[in-house]
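Computed from the coordinates by the stated procedures, all read-outs in this text should not be read as laboratory data. If you're wondering where the values come from, they're calculated on a predicted model, not measured in any experiment. Methodologically, a virtual Cβ is constructed for each residue, glycine included, from the backbone with ideal geometry; neighbour enumeration extends over all protein chains shown.
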Amino acid sequence: MAIIKKVNYLMLLIYSTAFFSVLGIGYRTIVALISLWAIGEFAYDWHQVVIGLKMAVVASFAVTLAAFIFNKIDEYNARKKPPSDPDK
């Protein structure tokens, strides 16, 4: 069962990295298109893509770590409190 949870966290890390990468690249592309329309120059270079990918990795690690911590808190609370009787 522990292997399945580790795989789920790994998949969350991969999916969130992909999501934040697409989101960041899309955002920077829209800003570059607005600058093309406003000043006539398409200001987009590979340095911005690398920075966006680094930011996506950091954000996805933060999301995965938060999910892991909240899961551990829920497991702790589930062990600590006995189930309540719904008939009362």
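What number of residues within region 13-41 satisfy the criterion of being within 13 Å of Met55 (Cβ to Cβ), surrounded by 13 or more Cβ atoms within 10 Å (Cβ to Cβ) and not polar (S, T, N, Q)? The qualifying residues number 6.
One line per residue, one yes/no per condition, for (1) in contact with a Gly (Cβ under 6 Å, 6 or more places away or on another chain); (2) under 22 Å from Phe68 (Cβ atoms):
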{"residue": "Ala18", "(1), (2)": "no, yes"}
{"residue": "Tyr44", "(1), (2)": "no, no"}
{"residue": "Val50", "(1), (2)": "no, no"}
{"residue": "Leu53", "(1), (2)": "no, no"}
{"residue": "Ala56", "(1), (2)": "yes, yes"}
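Close contacts from region 43-57, counting a first residue that is farther than 10 Å from Gly24 by Cα and without any contact (Cβ under 8 Å) to a residue 60 or more places away in the chain and a second that is part of a helix (DSSP H, G or I) and polar (S, T, N, Q), with Cβ to Cβ under 7 Å and a gap of 6+ residues or different chains, come to Ala43/Ser35; Tyr44/Thr29; Val57/Thr17. Kindly establish whether Leu10 is surrounded by fewer than 12 Cβ atoms within 10 Å (Cβ to Cβ), within 16 Å of the chain's Cα centre (by Cα) and in a helix (DSSP H, G or I). Answer is yes for this residue.
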